[in-house]
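Chemist: Okay, handing you the structure first.
The values are calculated or read from the model by the stated rules, or taken from the named source; none is laboratory data. Since the structure is predicted, the reported quantities are computational estimates derived from the model, not experimental observations. Don't worry about glycine lacking a Cβ; one is built from the backbone with ideal geometry, like all the others, and counts go over all protein chains shown.
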């Protein structure tokens, strides 16, 4: 039940939004966080909950007791975010390949986990989201334009 609700309210809508932004000509990069934090309140067999990557991005493993791998992953995620914000650069994956942009027809998703950065073979929950799309989007193909993200329509531009 929790996985279905996550798909309906989080995973699939973000996937549709990434597809629309990419189709409109924007560069999109997607990741899935798969490292289960030692402090998680959720069962071990369940994937990390929404926002369980935030403590890693903000360095929480350095101020709380926990496994060494959590501090290493936190440092890597902080560096990843800082480099992307300051220089627009994403790190190479552990296999040496560049972090690929997400494309509508080639949904490249990088997994950030306790063992590093790796490319997922077939996106993340793509089959489920394809089946849910007609039920979740009554206005097919208008996600980006509704959000004001069509190329040339910058919602943050001041006239």
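Chemist: Being in contact with a helix residue (DSSP H, G or I) (Cβ under 8 Å, 6 or more places away or on another chain), in contact (Cβ under 8 Å) with a residue 24 or more places away in the chain and within 23 Å of residue 17 (Cα to Cα) is the filter here; which residues of the stretch 66-100 pass it?
Modeler: 81, 90
Chemist: Say whether the condition of being farther than 22 Å from residue 134 by Cα, in contact (Cβ under 8 Å) with a residue 12 or more places away in the chain and exposed (fewer than 14 other Cβ atoms within 10 Å of the Cβ) is met by at least one residue in the stretch 25-35.
Modeler: Keep residues of the stretch 25-35 that are farther than 22 Å from residue 134 by Cα, which gives 25-35.
Filter once more, keeping what is in contact (Cβ under 8 Å) with a residue 12 or more places away in the chain: 25-35.
Filter once more, keeping what is exposed (fewer than 14 other Cβ atoms within 10 Å of the Cβ): 25, 27.
Scanning the stretch 25-35 turns up at least one residue that is farther than 22 Å from residue 134 by Cα, in contact (Cβ under 8 Å) with a residue 12 or more places away in the chain and exposed (fewer than 14 other Cβ atoms within 10 Å of the Cβ).
Chemist: Within the stretch 101-150, track down each residue that is assigned to a loop (DSSP other than H, G, I, E, B), modelled with pLDDT under 70 and either surrounded by 15 or more Cβ atoms within 10 Å (Cβ to Cβ) or touching a helix residue (DSSP H, G or I) at 6+ places or on another chain (Cβ under 9 Å) (or both).
Modeler: 139, 140, 141, 142, 147, 149, 150
Chemist: Here's a follow-up. For residue 113, state whether it is within 24 Å of residue 17 (Cβ to Cβ) and touching a residue at least 12 places away in the same chain (Cβ under 8 Å). Give the steps one after another, and end with the answer.
Modeler: Numbers: within 24 Å of residue 17 (Cβ to Cβ): yes; touching a residue at least 12 places away in the same chain (Cβ under 8 Å): yes.
Considered against the rule, which asks whether it is within 24 Å of residue 17 (Cβ to Cβ) and touching a residue at least 12 places away in the same chain (Cβ under 8 Å), residue 113 comes out as yes.
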